[in-house]
1. Any chance you could count how many residues in the stretch 174-190 are under 16 Å from L101 (Cβ atoms) and of a type in the set (G, A, S)?
2. For the stretch 25-48, which positions are open to solvent by 70 Å² or more (accessible area, probe 1.4 Å) and over 19 Å from T81 (Cβ atoms)?
3. Give the residue, chosen from A90, A130, A98, A106, that is closer than 26 Å to E187 by Cα and under 12 Å from the mean Cα position of the chain (by Cα).
4. Take the stretch 143-170 and flag every residue that is in contact (Cβ under 8 Å) with a residue 24 or more places away in the chain and within 20 Å of L119 (Cβ to Cβ).
Amino acid sequence: RARIRSEERTEVASRIHDSVLQTLALIQRNADRPGEAVRLARRQERELRSWLFDDEPPLPGTLKPALASVAADIEDLHEVTVEVVQVGDARMGERLEAISLATREALTNAAKFSGEKELSVYAEVESGHAQVFVRDRGQGFDPAEVPSDRQGIAQSIHGRIARAGGTATISSRPGGGTEVEISMPIEEAL
């Protein structure tokens, strides 16, 4: 038992050294750049939470790590926090790739235009169906007033999802935040 506990402690210590301690050193070096320090801390928090609390690591090539990667990229690029909650998973294919890319566009729009620093993604995947909701509690907008030459909503969200066989709905009103709902039939979930 003592040997097993010692090996476990050594593994935990190595893990903490390789991630948390290295990140803390980087944060100290970037103390004069608050945005960079926050970005580093958030990335480390995400990694540590995953390591501590995920019962099973996500399978490579599935929607779960794809959405986590999208969230991390948006956080890094726009200095926002993106919380991702996902129930179920499925192997990536053309349809889930379209969902991932449309989610990226919805998060980019929210990060750039909502005025909010906290965004959320909720994904639910079950056999035959996948749904993703991207939400912010920001300033909102009237979707009917978006000029037709703006390609983000028209092509990168609606068009991309329609071409893949799904639907995208944008619900927003001035002062009321925005929700993008993406719904797609899929073959099977994991």
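1. Residues in the stretch 174-190 being under 16 Å from L101 (Cβ atoms) and of a type in the set (G, A, S): 1 in total.
2. Q28, R29, A31, D32
3. A106
4. Our first condition is that a residue be in contact (Cβ under 8 Å) with a residue 24 or more places away in the chain; within the stretch 143-170, this holds for 143, 152-153, 156-157, 160-161, 163-166, 168, 170.
Those that are in contact (Cβ under 8 Å) with a residue 24 or more places away in the chain and within 20 Å of L119 (Cβ to Cβ): P143, G152, I153, S156, I157, R160, I161, A168, I170.
The values are calculated or read from the model by the stated rules, or taken from the named source; none is laboratory data. Keep in mind the model is a prediction, meaning the values are calculated, not measured. Reconstructed Cβ throughout: ideal geometry from the backbone, glycine too, with neighbour counts over all protein chains shown. For accessibility, only protein heavy atoms count, side chains too; no ligands or nucleic acids. Shrake-Rupley method; radii C 1.70, N 1.55, O 1.52, S 1.80 Å.
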